[in-house]
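Asker: Got a structure here, written out as structure tokens. Questions coming.
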Amino acid sequence: MLIVSLDHPDGVYLPGSTMTVKVQRDDDSGNGRIELVLFWYTDDEGYDDSVKALTSVVETFPGQSRYEVKMVLPEGPYSFSGSLIKLCWRLEVTEQPGGMTAMVDFALQPGKEPLVLSKVQPPQRHLWKTPRGIW
């Protein structure tokens, strides 16, 4: 089993800041590696997308079960939610061999408050009176 924790308990990070990831694994008996992948994904009604932003690999050794990895986060895109779509960030940690995986969601945004897109109102149509009638 993998246990993954982040240095910000609220899971909110500023763009370009450093994230410290602590990984603990149950089996410390052999050589292998731990792969950490940062990616963002969209969650919407119909079409989901994901983009890998950063990968880091740590070699594991017998007798060692705890690892700490520092990752410099990208400048964007920001996490946000709207009425039709939201953009989320996730860290996926996979141990090899064995393939055990753990995931942690976090927010990448310019402040502590979540970014919420407001509903856009369609423009109002105006009828203009001209000498020749309504246009």
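Asker: Of the labelled options (i) 1.27; (ii) 0.94; (iii) 1.03, which one gives Rg/Rh (Cα atoms, Kirkwood Rh) as computed for this structure?
Answerer: So the calculated entry is the one marked (i).
Asker: Additional query: Which whole-number percent gives the relative contact order of the range 2-113, counting Cα pairs below 8 Å spaced six or more residues apart?
Answerer: Values: 251 pairs, mean separation 39.6, N = 112.
Over the range 2-113, the number comes to 35 percent.
Asker: Next question, about the same structure. In what order do 93, 72 fall by count of nearby beta-carbon atoms within 10 Å, going from fewest to most?
Answerer: On the way: 93 23, 72 9.
If I rank by nearby Cβ atoms, fewest first, I get 72, 93.
Asker: While we're looking at this one, here's another question. Which one of 6, 64, 88 has its Cα pushed farthest toward the positive end of the charge dipole of the range 1-95, where Lys and Arg give +1 and Asp and Glu give -1 at the Cβ?
Answerer: Highest projection toward the positive end goes to 64.
Asker: Now a separate question. Wrap a convex hull around the Cα atoms of the range 28-71, take a quarter of its surface area, and give that in square nanometres. Walk me through the intermediate numbers first.
Answerer: Numbers: hull surface 16.6 nm².
That works out to 4.1 nm².
Asker: Under 18 Å from a point placed 7 Å out from the Cα of residue 17 along the Cα-to-Cβ direction: which residues of the range 64-79 have their backbone N that close?
Answerer: Within reach of a label on residue 17, which here means backbone N under 18 Å from a point 7 Å along Cα→Cβ, the range 64-79 contributes 69-79.
Asker: Moving to a separate point now. In the range 5-84, which chymotrypsin sites (Phe, Trp or Tyr not before Pro) fall in coil by DSSP and have 12 or fewer other Cβ atoms within 10 Å?
Answerer: Numbers: sites: 13, 39, 40, 41, 47, 67, 78, 80; in loops: 47, 78.
Sparse-neighbourhood loop chymotrypsin sites (Phe, Trp or Tyr not before Pro): 47.
Asker: Specify the longest stretch of the chain that does not include any exposed loop site, a site being one of the GluC sites (Glu not before Pro) with a non-H, G, I, E, B DSSP assignment and at most 14 other Cβ atoms within 10 Å. Numbers along the way, then the final one.
Answerer: Working: sites that count: 45, 75.
Value returned for the longest uninterrupted segment is 76-135.
Asker: By how many nm would the segment from residue 43 to residue 56 lengthen if fully extended, with 0.36 nm per residue of separation less the alpha-carbon distance?
Answerer: Length gained between residue 43 and residue 56: 2.2 nm.
Values in this text are rule-based calculations from the coordinates and carry no lab data. No experiment lies behind these values; they were computed from the predicted model shown. Here Cβ is always computed from backbone atoms with ideal geometry, including for glycine, and neighbour counts include all displayed protein chains.
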